[in-house]
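Student: My structure is below; once you've seen it, I'll send some questions.
Each reported figure results from applying straightforward, stated rules to the coordinates on display, with no laboratory input. These figures come from a predicted structure and were not determined experimentally. Note that we place each Cβ from the backbone using ideal geometry, even for glycine, and neighbour counts take in every protein chain shown.
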Amino acid sequence: MSTMMSVRFLRHFNVLKSTKLVYPHMRLMSAQAQPLEQVKEEKSNKREVKKEKLPETNSFIMSIFSGQANVNQVFPYPDVLTEDQVETLNMVREPTLKLFNEMHDPLVAELNGKADDKTIQMLKDMGSFGLMVPTKYEGAGLNNTQYATLAELSGQSDLGLAVTLGAHQSIGYKGILLFGNEKQKDKYLPDLATGRKTACFCLTEPSAGSDAGSLRCKAVLSPDGSHYILNGSKIWISNGGLADIFTVFARTPVITSSGEEKEKVTAFIVERAFGGVTSGPDEKKMGIKTSNTAHVYFENVKIPVENVLGEIGNGFKIAMNVLNSGRFGMGASMSGTMKLCIAKATDFANNRIQFGDKIASFGTIQEKIARMALAQYITESMTYMVAGNMDKGSTEFQLEAAISKVFGSEAAWFVCDETIQILGGSGYMRETGVEKIMRDLRIFRIFEGTNDILRLFVALTGIQNAGSHLKELQKAMKNPVANLGMIFDESTKRVFRAVGLSSGPSLTEFVSPELAPSAALVSKSVTNFGATVEHLLFKYNKKIIHEQFLLNRLANSAIDIYSMIVTLSRATRSVQKNFPSAQHEVNMVKVICNEASSRVHQNLVACRSSEKLNDLKNLKKISESLFVNNGVSHRHPIERD
Ligand code: MYA
């Protein structure tokens, strides 16, 4: 993350901005040390005073930053599809599966740099270009959960083709779907949903990659106020060379409420037909070669004012929300890719004889396969948890969506790598198809927000919320009589934690009895996590935003905690519904929770123990030495003096 982001984050870090945080634990202790008479009097007032609550969030991940576990979003595991919705889904799913299995050859498509025209036309005819567009705009009218199952199929077939479909609908025209007015939807969605026109999402620029807010494309209102004139360029745009409709983010001058002129980002719907829009050649890439990636140039493009998407100056939020709303789709496609890899690996291991036995009988291979299954199960559980919550109308899913993208893309890389390892020499050969998957997969840890940026996003957003939690508590301390209930709850929690009696928020009541010990591990992890966040806020105050070594460890802990809670919830539902795979799932979740909670412990210790912090300091020094040398800075073994 750039310093710019830190600076901007600092600006939005209202909680820590003005006052130095006071460790609430200390304040609480002093509040308790009031004269007995006063306390009695306050207690007698308790019934009359309104019991104020600390700021609530429905996001499980957001809540753990305050050491709490709001389980509204995670228990029970979402079961959102009605029978009718399953039927509608099957109407798209079955022909898609047939097409992927029988017609589309990913290796041939890769050589051609695109899927063949017949395949694309069939996908358009079966509604695959407008999966989530309401039927009144000629779309398939699916919800997020239904969409996820199709994204999964595309990941299972060909990630290059998945990117063509995803860049079009997951981000390309998603802004119109989410933020367009009726006129814009009427005008654009039918052509886009049917694939008569193709869309792309134009955010990234040469100087604005991860730091999306620093974009330079500029749109200025014409003197007669009828249109904007857009100039600038965008890079690495998926579908950029094919698109007819572009969602473009550009700076526009706006007058703020104080009368000052400022440049703010605005989103526009741009048609290639407006003139002045050109695309560069298809980029030569490591993978996803079946999809098109190109630079897009805008030269004095005249955009009618009615093509402003959302409000003037609100474009950055639109871009972020489009990305937030699409990230679970990546988890879904990664989940499908892992299923394909696992099937290839098990098939190979079941048939390959070495040392007189099937290699499937060797412990080395068994552990690999089991771990691949855990990675896929976690990704799938996260994806459908996020999609299900979105379908239930949740608006607080951005952290969980980011986590599902980060976890899914890394899990898929691991699973693909292990598949190649199991297949040995065969895995390295093109015709087995896994080598292409590995090349295709590499970009998934980079685009739609690099995993590094998303980790910092998760940690900083969570910390910001925890900061406001602590600030509320500070405020409450100024009027302890009116806020006695809240102060009492918080102080009890801290006192118990301080003497090691806190077992954390109880989760055992939500899980099947066999999983109770695993749920207890999550509770413990959440308590330690909240305490560590509080400790870091106390120690670093607003400077915490610059402590990326620590922020990454918090993000990794949050990812591990989310992987435990979603799988616990899902396996519990499987047990309750008596699914044939219930015991298999319980076995997986036990391992997931044991291993993830140990990693959480290690990561949190690294944020607090002086020995571990010294290691982090040394890592910083080591890197500095390399930057000074522009490469390795130690002497070669053969050098003598
Ligand atoms: S598309 C390009 C992808 N690019 C990115 O993802 C850019 C990554 N960078 C960022 O996200 C931002 O710049 C970060 C913020 C996070 C670094 N949700 O000052 P700020 C608000 C809601 O902190 P910055 C591609 O790759 C924030 O609260 N709000 O911002 C193609 C604040 O609000 P306020 C957010 O320091 C992929 C304001 O914004 C969020 O600049 C092809 C400013 O915040 C958020 N997330 O940095 C994919 N973030 O002013 C194909 C910030 O009110 C997919 N804010 O306080 C294929 C998949 C397969 C699908 C299959 C289909 C079938």
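Student: Over region 83-194, what is the relative contact order in percent, taking alpha-carbon pairs closer than 8 angstrom and at least six residues apart?
Tutor: After rounding, I find 28 percent.
Student: Go through 553-559, 363-369 and give me the packing order, highest mean Cβ count within 10 Å leading.
Tutor: 553-559, 363-369
Student: Hey, another quick one. For region 83-194: lysine pairs with Cα atoms under 18 Å, gap of 8 or more or different chains, count?
Tutor: Eligible lysine pairs with Cα atoms under 18 Å apart amount to 12.
Student: Projected onto the charge dipole of region 83-194 (+1 at Lys/Arg Cβ, -1 at Asp/Glu Cβ, origin at the Cα centre), which of GLY175, GLY160, LEU107 gives the Cα projection farthest towards the positive end?
Tutor: GLY175
Student: Quick check for me: using +1 on Lys/Arg Cβ and -1 on Asp/Glu Cβ, what's the dipole size of region 83-194 about its Cα centre, in debye to the nearest 20?
Tutor: For this selection, approximately 440 debye.
Student: Excluding LYS187 itself, what net charge comes from residues whose Cβ is under 14 Å from its Cβ, given Lys and Arg +1 and Asp and Glu -1?
Tutor: -2
Student: Still on this structure: Quick one: putting +1 on the C-beta of Lys and Arg, -1 on the C-beta of Asp and Glu, what dipole do you get for region 199-317 around its Cα centre, in Debye to the nearest 20?
Tutor: The dipole magnitude comes to about 360 debye.
Student: What three numbers, in Å, describe the spread of the alpha carbons of region 83-194 along their principal axes, ordered from the longest?
Tutor: Cα extents, longest axis first: 41, 34, 19 Å.
Student: Follow-up. What is the percent of Cα-Cα separations in region 199-317 that go past 17 Å?
Tutor: 54
Student: Near ALA596, within a Cβ-to-Cβ distance under 15 Å, what is the net charge of the other residues, with Lys and Arg +1 and Asp and Glu -1?
Tutor: +3
Student: Name the residue from ILE559, THR572, ASN618 whose Cα lies farthest towards the positive end of the charge dipole of region 508-641, charges +1 on Cβ of Lys and Arg and -1 on Cβ of Asp and Glu.
Tutor: With unit charges placed on the Cβ atoms, the residue in question is ASN618.
Student: Which whole-number percent is the relative contact order of the chain (Cα, under 8 Å, 6+ apart)?
Tutor: Taking the mean separation of contacting Cα pairs over the length of the chain, I get 18 percent.
Student: Based on the Kirkwood radius over alpha-carbon pairs, what is the Stokes-Einstein translational diffusion coefficient of the chain at 4 °C with 1.567 mPa s viscosity, in µm²/s?
Tutor: 48
Student: Then there is this: Residues with beta-carbon under 15 Å from that of ASN90, excluding ASN90: net charge, scoring Lys, Arg +1 and Asp, Glu -1?
Tutor: -3
Student: OK, next. Can you tell me the order of 217-226, 570-579 when each peptide is scored by its average per-residue count of other Cβ atoms within 10 angstrom, highest first?
Tutor: Per-residue Cβ counts within 10 Å, averaged per peptide and sorted highest first, yield 570-579, 217-226.
Student: Could you give the size of the charge dipole of the chain about its Cα centre, using +1 on the Cβ of each K and R and -1 on the Cβ of each D and E, expressed in debye and rounded to the nearest 20?
Tutor: Charge dipole of the chain: 1940 debye, to the nearest 20.
Student: Among all the aspartates and glutamates, which ones have a C-alpha under 15 Å from LYS197's C-alpha, if same-chain residues fewer than 8 places away are not counted?
Tutor: Of all the aspartates and glutamates, those that pass the test against LYS197 - Cα under 15 Å, at least 8 places apart if same chain - are ASP117, ASP125, GLU138, ASP186, ASP244, GLU271.
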